[in-house]
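Below is one structure; the comments refer to it alone.
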Amino acid sequence: MSSIQVRPATLRDAKAIAQIHTASALEAYRGLVPDDQLKSMSSVEKRQAYWREAIEYCEPQVQVAIDGDKIVGFVGFDRSRDEKSRQTTGEIWAIYAAPTHWNQGVGVALWDAARDGLLEEGCTNVTAWVPLRNERALRFHEMAGFKREMSTAKTAVIGSIKIEEVRLKRPLN
């Protein structure tokens, strides 16, 4: 039985969200991205500023997963940012669990909350962009019913790092 609860994020949660985002990304990309580039990606302060702004302006909507009184994951979701996407297409902008809580139901709880939020917004489909070499994230999304759209593969530049990404998509109903 999972004790994971999900609630809307508050401004006070931004630091914990940034710490989880950084720790999870470092763990997920170790061995895929050179160490020096990993270090350049790991500014908790920059991520905290980003997530504070996201929470303040609800763009994207941010929810946190709580285990006891500790934030152990978060999801950011909203309408799709892709050009030419329909108004009824939502997007998971980010979904991360603390590495200490991987494989413990955090991602599923967050996905359920995001799906409910997107349905409330009138969305009928949802997409997510996932790095092709992030096997854990690809497996998670595919287990949640997403399908890869290989024709969408593109190179994303994050700082000085180039990462091949692919869009995954699924209906919300």
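We did not get these values from a lab; they are worked out from the coordinates using the rules stated. Bear in mind that the values here come from a model prediction, so they are computed numbers and not experimental data. Ideal geometry is used to build each Cβ from the backbone, glycine not excepted, and the neighbour counts take in all protein chains shown.
What to note about this one:
- Estimated at 0.36 nm per residue, the fully extended path between residue 36 and residue 143 surpasses their Cα-Cα distance by 35.3 nm.
- Calculated P(r) of the chain - Cα pairs past 28 Å, %: 17 percent
- Candidate aspartates and glutamates - alpha carbon under 19 Å from residue 70, same-chain residues fewer than 8 apart omitted: 13
- Across the chain, the mean sequence separation of Cα contacts (distance under 8 Å, 6 or more residues apart), normalised by length, yields a relative contact order of 21 percent.
- For the range 1-55: rounded, prolate or oblate by the Cα gyration tensor [a/c cutoff 1.5]: oblate
- Local charge for residue 22 was computed over the other residues whose Cβ lies under 12 Å away, with Lys and Arg +1 and Asp and Glu -1, and equals +2.
- Per-residue Karplus couplings for the range 130-140, computed as 6.51 cos²θ - 1.76 cosθ + 1.60 with θ equal to phi - 60°, are listed in order as 10, x, 4, 8, 8, 4, 4, 5, 4, 4, 4 Hz, Gly and Pro entered as x.
- Euclidean distance of C-alpha centroids, the range 1-48 and the range 86-124, integer Å: 16 Å
- Per-pair calculated FRET efficiency, R0 = 22 Å: residue 19 and residue 132 via Cβ, rounded to 0.05: 0.25
- Computing FRET efficiency as 1/(1 + (r/R0)^6) for residue 116 and residue 44, where r is the C-beta to C-beta distance and R0 is 35 Å, gives about 0.75.
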